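The values are calculated or read from the model by the stated rules, or taken from the named source; none is laboratory data. Remember, predicted model here, so these are calculated numbers, not experimental data. Neighbour counts run over all protein chains shown; Cβ positions are idealised from the backbone, glycine included.
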Amino acid sequence: MWRMATRTAAFFDLDKTIIAKSSTLAFSRSFQAGGLISRRAVLRSAYAQFVYLVGGADHDQMEKMRQFMSQLCAGWDVATVNQIVAETLHHIVDPLVYDEAVNLIEEHHLAGREVIIVSTSGSEVVGPIGEMLGADRVIATRMQIVDGRYTGEIDYYAYAETKAEAIRELADRHGFDLARSYAYSDSVTDAPMLEAVGHPHAVNPDKELRRIAVANEWPVLLFAKPVALRSRVRLPPARPTLAALAVGGAVAVGGAILVGAKRRGQSA
């Protein structure tokens with residue numbers, strides 16, 4: 001039976017929209033601490049982070065990094081990943097959250113809208129981050145799992161047009177009126193996601209997304225104030241160990257290997 005869509009939602013990209021860095025690459029130092037990756041791999045991740053932050057990464061560069069990280073995560077134990085991410089995530093992510101994004105999330109909740117994070121990063125990272133932020137749902141990349149371990153392959157890649165398709169499917173299932181809903185992202189690859197709603201916003205946009213936003217008269221927001229999330233919401237006490245930090249970092253990338261392709265070509 002057909003029913004009118006009466007609910008509304010706010011859809012947020014994650015990296016450089018809610019969080020000031022790549023939620024995946026931020027863990028590279030922890031990988032090295034546990035002996036999971038080499039110093040060379042850490043330097044490569046640091047370079048990718050730099051390129052990502054200044055907005056100069058093209059699709060080919062980020063695709064190479066995605067493939068590199070996919071190879072790293074193959075064979076990791078899923079249960080270990082989930083446990084360590086839960087224990088260590090806020091140590092790395094907590095200081096990176098934009099205060100302006102937290103304010104927006106709170107405002108949308110007060111207005112009665114569901115808040116949904118839509119990210120190319122892996123569900124192992126995006127799910128816990130969403131919980132930290134009070135998001136109602138997350139849409140994220142899912143890694144293939146066989147016998148409790150990651151194979152390095154991808155079951156579902158939340159990227160570009162696929163994000164828009166997921167938003168439309170979610171709206172159909174839950175009765176969201178997309179014409180009255182909101183979306184936020186920094187990347188031109190998320191233009192389809194922004195176009196799927198009636199109130200798109202470009203946040204810290206790359207050059208191409210800024211051009212599209214100006215041409216379509218979309219609001220352009222500049223977020224510049226990372227804040228410790230614990231100063232805004234109550235977080236659980238930390239239980240870190242060196243091993244947990246190291247393995248947790250590696251695991252996070254394993255689950256979120258797909259931060260990749262976030263710039264033009266290319267978001268835990």
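So that you can scan it fast, the table gives a plain yes or no per residue for (1) modelled with pLDDT under 75; (2) farther than 28 Å from T162 by Cβ; (3) touching a Lys or Arg at 6+ places or on another chain (Cβ under 7 Å):
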| position | (1), (2), (3) |
| --- | --- |
| M62 | yes, no, yes |
| Q71 | yes, no, no |
| G75 | no, no, yes |
| V81 | yes, no, no |
| H90 | no, yes, no |
| I105 | no, no, no |
| H109 | no, no, no |
Query raised in the report: Would you say Y182 is modelled with pLDDT under 95 and either touching a Gly at 6+ places or on another chain (Cβ under 6 Å) or buried (at least 20 other Cβ atoms within 10 Å of the Cβ) (or both)?
Result: no
Report task. Examine the stretch 177-185 for a residue that is hydroxyl-bearing (S, T, Y) and more than 17 Å from I105 (Cβ to Cβ), and state whether such a residue exists. Result -> no
Report task. Read through the list (1) in a loop (DSSP other than H, G, I, E, B); (2) touching a helix residue (DSSP H, G or I) at 6+ places or on another chain (Cβ under 7 Å), then give the number of the only condition that A224 fails. Result -> (2)
Query raised in the report: Is it the case that A160 is hydrophobic (A, V, I, L, M, F, W, C), buried (at least 17 other Cβ atoms within 10 Å of the Cβ), farther than 18 Å from A20 by Cα and under 15 Å from the mean Cα position of the chain (by Cα)?
Result: yes
